[in-house]
Amino acid sequence: MSQGRPSMSDSMLRRIEAGQLNVAYFDHGMEGAPAAILLHGFPYDVHAYDEVTEALTAVGCRVIVPYLRGYGPTSFTDARTLRSGQQAILGQDLLSLMDALELRHAVLAGYDWGGRAACIVSALWPERAKGLVTCNGYNIQSIAHAGRPVAPVDEHRYWYQYYFHSDRGAAGLAQNRYDLCKLLWQLWSPNWSFSDETYDRSAASFENPDFVEVVLHSYRHRYGLVAGDPSCEATETRLAGQPRITVPTISIDGLGDGVIPEAGSSRHERFFEGPYDYQTIPSVGHNVPQEAPAEFAAAVLSLM
C-alpha cells in the first residue's frame, strides 16, 4: 500500500493497451485491495485526484487514475481510428481498461467526461460497478433532445460548446488551448483560487496531439452534428434509451458550479433505481474532487 502523499510523477506512470488506446494511468495501493477508478473531466486531468488518492490509499484502498483519451500520455494504438469523444466511446474506454487490468469490479467515480464514463458503465454493465460517485448526477446525454433550447440564463453557460461547433472555435482551441481552458477553470469554479502552478500541472495534458480533435468531436457529436465511431454504435443506441442506474450511487453538486445550474441534478433521482444519496457542497465549483477532496474521498470510501 502506498504510504504518504501519492506522487503523480512520470516515474510511477504505467501504460496498458485497452481497446483503442494505450492508456497512461497511475495505480496506487495493493492489488487485491478494494479498488476505485477516478475519472477526470474536460478540461482537467489526473491531478484533480491527487488529494483524493492520498486519502483513499491511506486507509488501504487501491486507486487507479487514468488519463482519458486525448489527454496527457494516453495515445491511440492505430492512427486510422476516429478521434471520437462521444459518450459511448468514453464508456467503452473505461470498460476496456477494467478488462485489461483484469479488474472485475470497482467503485467508479468521476465528474464531467469522467462522470459520464462512470455513469455509462454503471448503467450498461452494473456488475462491474461496486458503486458510483457522480458529480452533477445522471451524466448520460440525450442526443435526440440536444436541439431543444433551455432557459437563456442556462444557454449562456454553454457558449464554449457552440464555439467548438465552428471552424473559428476549432482554430481557437488549437491556438489558444492554454488560455481558453484556464478561462473555463475560472468561470466554472469562481470561488476556487487555484495557483498558476496548479493549473500548469494539468494544462500540460492538453498538449496531447489528439486533444483538439477529441474535444471537438465530443462537443459536436452530443448535438448530432457529426457521425460517431461505428465501433460503439450499439452502445450509443442503448444510451439513447436513457437507461436507469441500479448500483449504489452518491451524486454530488457543487453549489458554486459556474457551468451547471445550482443544484442542477437535484431532480435526477428518477434515473437511479438503487440506493441513492444526493449531496451538495456550498461554494464548490465544477472540479469537485480538487476543490473538495475530503468530501469526494468520503463519498468514494462509503461505497468501498
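A few notes on this one:
- Scanning region 270-283 for residues that are under 22 Å from Q87 (Cα atoms) and either at pLDDT below 95 or loosely packed, with under 15 Cβ neighbours inside 10 Å (or both) turns up R270, E273.
- Test: T246 is of a type in the set (S, T, Y) and under 21 Å from G137 (Cα atoms): yes
- Those residues of region 259-286 which are within 20 Å of L39 (Cα to Cα), part of a loop (DSSP other than H, G, I, E, B) and either of a type outside the set (S, T, Y) or in contact with a Lys or Arg (Cβ under 8 Å, 6 or more places away or on another chain) (or both), in sequence order: V259, I260, V284, G285, H286
- Residues in region 1-29 that are farther than 12 Å from P73 by Cα, at pLDDT 95 or above and touching a helix residue (DSSP H, G or I) at 6+ places or on another chain (Cβ under 8 Å): E17, A18, G19, Q20, H28.
- Every residue from region 47-87 that is closer than 28 Å to H221 by Cα, of a type in the set (A, V, I, L, M) and touching a Gly at 6+ places or on another chain (Cβ under 7 Å): L68
- Complete set of residues in region 185-199 that are assigned to a helix (DSSP H, G or I) and touching a Phe, Trp or Tyr at 6+ places or on another chain (Cβ under 8 Å): W185, Y199
- Tally, over region 84-109, of residues that are in a loop (DSSP other than H, G, I, E, B) and surrounded by 23 or more Cβ atoms within 10 Å (Cβ to Cβ): 3
- Residue check, D154 without any contact (Cβ under 8 Å) to a residue 24 or more places away in the chain and either touching a His at 6+ places or on another chain (Cβ under 9 Å) or of a type outside the set (F, W, Y) (or both): no
- Taking region 110-173 and the helices (runs of 4 or more DSSP H) fully enclosed by it, the elements with 1 or more residues that are touching a Leu at 6+ places or on another chain (Cβ under 8 Å) are at 113-124, 159-164.
The values are calculated or read from the model by the stated rules, or taken from the named source; none is laboratory data. Being a predicted model, the structure only gives us computed values, none of them experimental. Ideal geometry is used to build each Cβ from the backbone, glycine not excepted, and the neighbour counts take in all protein chains shown.
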